[in-house]
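One structure below.
The values are calculated or read from the model by the stated rules, or taken from the named source; none is laboratory data. Every value quoted in this text rests on a predicted model; they were computed, and no experiment measured them. Positions of Cβ are generated from backbone atoms using ideal geometry, with glycine treated the same way; all protein chains shown enter the neighbour counts.
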Amino acid sequence: MPYARFVQIGRVCLVNYGPMRGSLVVVVNVVDHNRVLVEGPAAGISRQVIRLTRLSLTDLMVPIQLGARPGTLAKAYAKAGIDEAWAASSWGKKLSTRSKRANLSDYDRFKVMVARKTKSRAIGKEVKRLKKAAA
Amino acid sequence: MVSATRDQRVKRKAAQETTTTITKKIGGDKNGGERTITKTVGSKWYNADNVKTPVASRKHVHKPRKLRASLKPGAVLILLSGRHRAKRVVMLGSLPSGLLLVTGPYAINGVPMRRVDAAYVIATSTIVDVSGVDVSKYDDAYFKRTKKPSGVDVDMEESAKRPVPEHKIADQKAVDAALIAEIKKDSLLKPYLSSLFTLTDGQAPHELKF
């Protein structure tokens, strides 16, 4: 099967452009080949039409009917545990790490550098020991 | 209630302004009780020529400099210019001249207590508690250098080796002691202050958070 993700009712998407960038929205209706009606209950994004080029489809789905009301959608979204599933996914983890890294202070960056050095030193030491043992 | 018309109000105001006399009470029985005196005595003569008086300059009024919010006492700063550039130092306070008072501390990274311009530092969000450091005696005069007498031939070698005054060494030690006690509370703070700031690949200074 070539495709696993489709533009369909209940598809959870990531906005990748504009002021809503980085927030999750759910497809509520499809306008045409280029645009869909979306709403982001957790991100506080009101129902609006958005171009598909500005969305990235995720694996997640919310079980809703076409044109589900905002209240119904919010309940279904919470019940499906979308935010938790997103946070657990590697894609979600990658984004959260990226934003965490971008928000580090100068001292935090120094601490990360020290931690990285400590880690690689420990690894190097262990590798050396194992090499010696194997030889 | 009918309010006064505009004409009436203008007249009333003019009457108030043109009152040029004051009645003063005068003591003594035979003095009539009070006397009317003109408010201001005008000049007795007029200058024949129109002498222009210079308008007071609005420049050179010393206003205390307003520092940006990130420059708080105790903030770790990155110096951007001068011989200590790229070093991380602790801000002790600001001086009336608008310059910042910083120190390395000297024992950690070799930056003595010195004044720096706020434009040449990056303020980081890291704050060291400097409430235990007494900086009340340090003002601009403390850092002012004595001018060499002009016209006197100064031996270059001798001037280059000008020693640091004893009292300044003692002051630096006192400030360092108080500050280092605070810095020791965080085990990574000392290596952080002794390290230099650099940009690495993919780091854009305008996008970094400090």
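Of all residues in region B:108-123, those being surrounded by 17 or more Cβ atoms within 10 Å (Cβ to Cβ) and farther than 24 Å from A:R109 by Cβ number 4.
Residue count for region B:124-147 satisfying the condition of being farther than 13 Å from B:L101 by Cα and surrounded by 12 or more Cβ atoms within 10 Å (Cβ to Cβ): 6. Residues of region A:21-54 that are in contact (Cβ under 8 Å) with a residue 40 or more places away in the chain and within 19 Å of A:A76 (Cβ to Cβ): A:L24, A:V26, A:V28, A:A42.
Against the definition (over 19 Å from the mean Cα position of the chain (by Cα), at positive phi, in the same structural domain as A:D83 (by TED's automatic domain parsing) and not acidic (D, E)), how does A:G67 come out, yes or no?
Working: over 19 Å from the mean Cα position of the chain (by Cα): yes; at positive phi: yes; in the same structural domain as A:D83 (by TED's automatic domain parsing): yes; not acidic (D, E): yes.
Yes.
Looking only at residues of region B:119-129 that are hydrophobic (A, V, I, L, M, F, W, C) and assigned to a strand (DSSP E or B), we find that the one that is farthest from the other protein chains (Cβ to nearest Cβ) is B:V121. Residue count for region B:161-191, restricted to those that are farther than 15 Å from B:V133 by Cβ and away from chain A (no Cβ under 14 Å): 9. Whenever a residue of region B:80-96 is within 14 Å of another protein chain (Cβ to nearest Cβ) and more than 18 Å from B:K144 (Cα to Cα), its partners that are part of a strand (DSSP E or B) and charged (D, E, K, R), lying with C-beta atoms within less than 9 angstrom and at least six residues away or across chains, give the pairs B:V89/B:R114.
Here is a check on your reading of the model: is B:V116 more than 14 Å from chain A (Cβ to nearest Cβ), more than 22 Å from the chain's Cα centre (by Cα) and modelled with pLDDT of 90 or more? Walk me through how you get there before you give the answer.
Details: more than 14 Å from chain A (Cβ to nearest Cβ): yes; more than 22 Å from the chain's Cα centre (by Cα): no; modelled with pLDDT of 90 or more: yes.
No; evaluated as a whole, the condition is false for this residue.
Given the criterion of a type in the set (S, T, N, Q), in contact (Cβ under 8 Å) with a residue 12 or more places away in the chain, away from chain A (no Cβ under 14 Å) and surrounded by 10 or more Cβ atoms within 10 Å (Cβ to Cβ), identify the matching residue among B:T103, B:T40. One residue alone meets the criteria, B:T103.
So is B:S159 at pLDDT below 90, of a type in the set (S, T, N, Q) and farther than 15 Å from B:P105 by Cα or not? Working first, answer last.
Numbers: at pLDDT below 90: yes; of a type in the set (S, T, N, Q): yes; farther than 15 Å from B:P105 by Cα: yes.
Considered against the rule, which asks whether it is at pLDDT below 90, of a type in the set (S, T, N, Q) and farther than 15 Å from B:P105 by Cα, B:S159 comes out as yes.
Determine whether region A:102-111 contains at least one residue that is exposed (fewer than 11 other Cβ atoms within 10 Å of the Cβ), at pLDDT below 95 and closer than 30 Å to B:V76 by Cα. Don't jump to the end; show me each part of the working.
Within region A:102-111, the subset exposed (fewer than 11 other Cβ atoms within 10 Å of the Cβ) is A:102-103.
Those left that are additionally at pLDDT below 95: A:102-103.
From the residues that got through so far, the ones that are closer than 30 Å to B:V76 by Cα too are A:102-103.
Yes - at least one qualifying residue is present in region A:102-111.
Please specify each residue of region B:71-100 satisfying the condition of being assigned to a loop (DSSP other than H, G, I, E, B), among the hydrophobic types (A, V, I, L, M, F, W, C) and buried (at least 18 other Cβ atoms within 10 Å of the Cβ).
In the first step, residues of region B:71-100 are kept if they are assigned to a loop (DSSP other than H, G, I, E, B); the result is B:71-74, B:80-86, B:95-99.
Restricting the remaining residues to those that are among the hydrophobic types (A, V, I, L, M, F, W, C) gives B:71, B:80, B:86, B:95, B:99.
Of everything in region B:71-100, just one residue is assigned to a loop (DSSP other than H, G, I, E, B), among the hydrophobic types (A, V, I, L, M, F, W, C) and buried (at least 18 other Cβ atoms within 10 Å of the Cβ), namely B:L95.
Being within 14 Å of chain A (Cβ to nearest Cβ), polar (S, T, N, Q) and surrounded by 12 or more Cβ atoms within 10 Å (Cβ to Cβ) is true of B:S194.
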